[in-house]
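Here the structure comes first, spelled out in structure tokens, and everything after it is commentary.
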Amino acid sequence: MGAAPARVVVGVTGATGAVYAVRLLDRLRAAGRETHVVVSPAGVLNVHHELGLDRKAFEALADVAHSPADVGASIASGSFATEAMVIAPCSMKTLASVALGLSDNLISRAADVTLKERRRLVLMVRETPFNLAHLRNMTSVTEMGGVIYPPLPAFYHRPQSIDELVDDTVERVLALLDVAQAAPKSWAGL
Ligand SMILES: Cc1cc2nc3c(=O)[nH]c(=O)nc-3n(C[C@H](O)[C@H](O)[C@H](O)COP(=O)(O)O)c2cc1C
């Protein structure tokens, strides 16, 4: 019997940037990862507003979809082996919940588990400008070992389309997860 595929949890919240989640799920699937997705109610609103997808169509991009209310799901326990978790995009509300260890829904619980098990947690936080609570919460998550990765595009590769900007950001996140297939554009010097 072969080894089970590595699993990555993807939380999707109500910040703008649902396209990052779509691209991330796509690329994780291509890289042979088993993906577990959890979309918050506000995340569903944004996925529909920004991409025209309903919950069912969006969840079909993952191998397993969990309800955000299901705190008894497999990914709510550290005994369920996962490689990493990404929250893409991550609202300030979910950031706060992770920073405080609230575990008030399956997204923040799975993030809490990821931190306690010392696995890779990447939060693609999205808000602008930041208030002091946002900044303090990002500091707390960083102190706990999480990675704050706001999807801020780089322009030095002269991107020609929004897709290119999104792709490069997602490739950098995949590189943070040590996905061998990650292909971030690297800086070769001026
Ligand atoms: C269209 C739309 C865009 C939003 N964009 C953001 C955003 O970029 N960042 C953010 O922190 N909240 C944003 N919000 C607010 C969150 O959706 C709201 O705080 C929600 O309670 C987050 O819940 P969740 O973290 O459980 O998804 C947006 C809301 C809407 C309706």
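The values are calculated or read from the model by the stated rules, or taken from the named source; none is laboratory data. Remember, it's a predicted structure, so these values are computed and weren't measured experimentally. For the accessible areas, the whole protein counts, side chains as well, though only heavy atoms, and no ligand, DNA or RNA atoms are used. Shrake-Rupley method; radii C 1.70, N 1.55, O 1.52, S 1.80 Å.
Averaged over its residues, the stretch 134-190 has an accessible area of 63 Å² per residue, based on protein heavy atoms and a 1.4 Å probe.
The slack in the chain from ALA183 to VAL64, taken as 0.36 nm per residue of separation less the alpha-carbon distance, amounts to 40.3 nm. The relative contact order of the chain, computed from alpha carbon pairs under 8 Å that lie at least 6 residues apart in sequence, is 21 percent.
For the chain, the mean residue ellipticity at 222 nm estimated from helices alone is -12000 deg cm²/dmol, where every DSSP H run of n ≥ 4 contributes -39500 (n - 2.57) and the total is divided by all residues, rounded to the nearest 500. Amide H neighbours of CYS90 under 5 Å, counting only residues 5+ apart in sequence or on other chains, H built in-plane at 1.01 Å? Amide H neighbours of CYS90, under 5 Å, 5+ apart: MET124, VAL125, ARG126.
How many angstrom separate the Cα center of the stretch 118-190 from the Cα center of the stretch 52-77? Value for the Cα centre distance between the two parts: 23 Å. Heavy atoms of the protein chains alone define the surface here; on that basis the stretch 55-111 has 38 Å² accessible area per residue at 1.4 Å probe size.
Taking amide H atoms as placed 1.01 Å from N in the peptide plane, the amide H of ARG7 lies under 5 Å from those of GLU34, GLU83, each 5 or more residues away in sequence or on another chain. Across the accessible surface of the chain, with the other protein chains kept in place and a 1.4 Å probe, carbon and sulfur atoms take up 55 percent. Backbone phi angles across the stretch 178-190, fed through the Karplus curve with coefficients 6.51, -1.76 and 1.60 (θ = phi - 60°), yield HN-Hα couplings of 6, 7, 4, 7, 4, 10, x, 6, 9, 7, 9, x, 7 Hz in residue order; Gly and Pro are listed as x.
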